[in-house]
Amino acid sequence: MLRSMASPSTIWILSDGKAGDVAQCVGVAEALHLPYEMRTVAPKPPYSWWLPYGPFPPKDRETHADSPIAPPYPDIALASGRRAAAYLKRVKKASGGKTFTVFLKDPRTGPGSADLIWVPEHDKLRGLNVLVTPTSPHKFSASRLAELKSEPFPEIDSPPAPKVAVLLGGDSRHHTFTESDQKRFIDGLRQMATDDQAHFLITVSRRTPADLAKAVEELAISGGHYFWAGDGPNPYGHFLAKADAFVATADSTNMIGEATSTGRPIHVFHPSGGHDKITRFLGTLEQLGCVHPFPGPMKTTTYEPIDATPVIAERILADYSALHHAGTPSSGEEHPAVTVETRKTD
């Protein structure tokens, strides 16, 4: 990565510890090739109820020695999660405007919440300092995927192609896996195994209904597929690196986005329910040739891998440099909203 004349050297990651938010922030920090310091915020009620709109928790003010935002301040503060939004604004003020602030996802308090805001395309926030990409940042860079692909993993390497990673989510605020949905999902896997001779690499989540998790494990045992039951090192990265195709559930937008970094086809299963944002997200990926229906025949069409992480990192460096050269907060005027383009390949 090219560095600007004004280069940052220190980064804070501000979050309430939610795994998805932390993973996205870490992915961006690693793409900047800089050491980072985790600063976990834990506001108590009633302040936690009011954030990001309400008053800042008095006990977490920067003047308190045990505050999560006590100085010295970093060159860059990177945050995600609604509770962290208020802390990020406080860092900007307390640092005298010197810390360059970045927020991942919509902070719900407008584009003035940070020097730079990233949102996925299906979010509606826009502004001169808002960067827009089809998918979310993550920790699986092209170089990391290449490393994982070369690492031996006998349970994954032994079965012949095509190897299909099954990324199974579960019940959420917007989706429910009914009994009918679960049967449809299992029947679809059986059909793909029969028609396409697919060998599955299966992982479930904490949200996966117990009956569905048991059903996919039984399918794996009876069909000679690989099922990760949560014991030992997590093979998820190896799944991404080594799979020829994916089956993913529509509730798992982060996993779908990570799978697009491989350029391999993604077959999406829709459980009951849904949400307009998820529909827009999947619609964009369908237009780009990334996703296909499941159940359905296995696709082999590939596309240019999509990875928002280096795009975000480069924009951070550019705006950070602009801030220091101008001596004023970056307005994003020279960097309009960006959408990563891709194309199908055979």
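The values are calculated or read from the model by the stated rules, or taken from the named source; none is laboratory data. This structure is a prediction, so every number in the text was calculated from the model and none was measured. No Cβ is skipped: glycine too gets one built from the backbone with ideal geometry, and neighbour counts run over all protein chains shown.
Counting only residues that are within 15 Å of Leu116 (Cα to Cα), out of contact with any Pro (no Cβ under 6 Å at 6 or more places or on another chain) and of a type outside the set (Gly, Ala, Ser), how many does the stretch 51-86 have?
1
Restricting attention to the stretch 257-269, does a residue exist that is farther than 21 Å from Ser143 by Cα, in contact with an Asp or Glu (Cβ under 7 Å, 6 or more places away or on another chain) and either surrounded by fewer than 22 Cβ atoms within 10 Å (Cβ to Cβ) or modelled with pLDDT of 95 or more (or both)?
no
Taking Thr10 as the residue in question, decide whether it is over 20 Å from Asn129 (Cα atoms), out of contact with any helix residue (DSSP H, G or I) (no Cβ under 7 Å at 6 or more places or on another chain), surrounded by 15 or more Cβ atoms within 10 Å (Cβ to Cβ) and modelled with pLDDT of 95 or more. Reasoning before the result, please.
Numbers: over 20 Å from Asn129 (Cα atoms): yes; out of contact with any helix residue (DSSP H, G or I) (no Cβ under 7 Å at 6 or more places or on another chain): yes; surrounded by 15 or more Cβ atoms within 10 Å (Cβ to Cβ): yes; modelled with pLDDT of 95 or more: yes.
Yes; evaluated as a whole, the condition is true for this residue.
Tell me, please, whether a residue that is farther than 18 Å from Phe56 by Cα, outside the structural domain of Ile256 (by TED's automatic domain parsing), buried (at least 21 other Cβ atoms within 10 Å of the Cβ) and at pLDDT 95 or above can be found in the stretch 77-92.
To start, the set of residues in the stretch 77-92 that are farther than 18 Å from Phe56 by Cα comprises 78.
Subset that is outside the structural domain of Ile256 (by TED's automatic domain parsing): 78.
After this cut, where a residue has to be buried (at least 21 other Cβ atoms within 10 Å of the Cβ) as well, the list is 78.
From what is left, the residues that are at pLDDT 95 or above are 78.
Looking for residues that are farther than 18 Å from Phe56 by Cα, outside the structural domain of Ile256 (by TED's automatic domain parsing), buried (at least 21 other Cβ atoms within 10 Å of the Cβ) and at pLDDT 95 or above, one finds at least one in the stretch 77-92, hence yes.
Quick one: would you say Leu125 is in a loop (DSSP other than H, G, I, E, B) and farther than 25 Å from Gly237 by Cβ? Reasoning before the result, please.
Numbers: in a loop (DSSP other than H, G, I, E, B): yes; farther than 25 Å from Gly237 by Cβ: yes.
When the stated conditions are applied, Leu125 passes them.
Please enumerate the residues belonging to the stretch 157-205 that are assigned to a helix (DSSP H, G or I) and out of contact with any helix residue (DSSP H, G or I) (no Cβ under 9 Å at 6 or more places or on another chain).
Pass one, the stretch 157-205, residues assigned to a helix (DSSP H, G or I): 157, 179-196.
Hits for the stretch 157-205 are Ser180, Arg184, Asp187, Gly188, Gln191, Met192, Thr194, Asp195, Asp196.
Could you list, ordered by first residue, the pairs with Cβ atoms under 9 Å in which the first is in the stretch 68-88 and on the phi > 0 side of the Ramachandran plot and the second is hydroxyl-bearing (Ser, Thr, Tyr), at least 6 apart or interchain?
Matching pairs, first to second residue: Gly81/Ser15.
In the stretch 52-63, how many residues are loosely packed, with under 13 Cβ neighbours inside 10 Å and either in a loop (DSSP other than H, G, I, E, B) or of a type in the set (S, T, N, Q) (or both)?
Start the filter on the stretch 52-63 by keeping residues that are loosely packed, with under 13 Cβ neighbours inside 10 Å, which leaves 53, 55, 58-59, 63.
The next check asks that each one be either in a loop (DSSP other than H, G, I, E, B) or of a type in the set (S, T, N, Q) (or both); those that pass are 53, 55, 63.
Looking only at that region, the number is 3.
Out of Thr279, Thr208, Thr249, report the one residue that is of a type outside the set (D, E, K, R), in contact with a strand residue (DSSP E or B) (Cβ under 6 Å, 6 or more places away or on another chain), more than 25 Å from Glu151 (Cα to Cα) and assigned by TED's automatic domain parsing to the domain that holds Lys163.
Sole residue among the options that is of a type outside the set (D, E, K, R), in contact with a strand residue (DSSP E or B) (Cβ under 6 Å, 6 or more places away or on another chain), more than 25 Å from Glu151 (Cα to Cα) and assigned by TED's automatic domain parsing to the domain that holds Lys163: Thr249.
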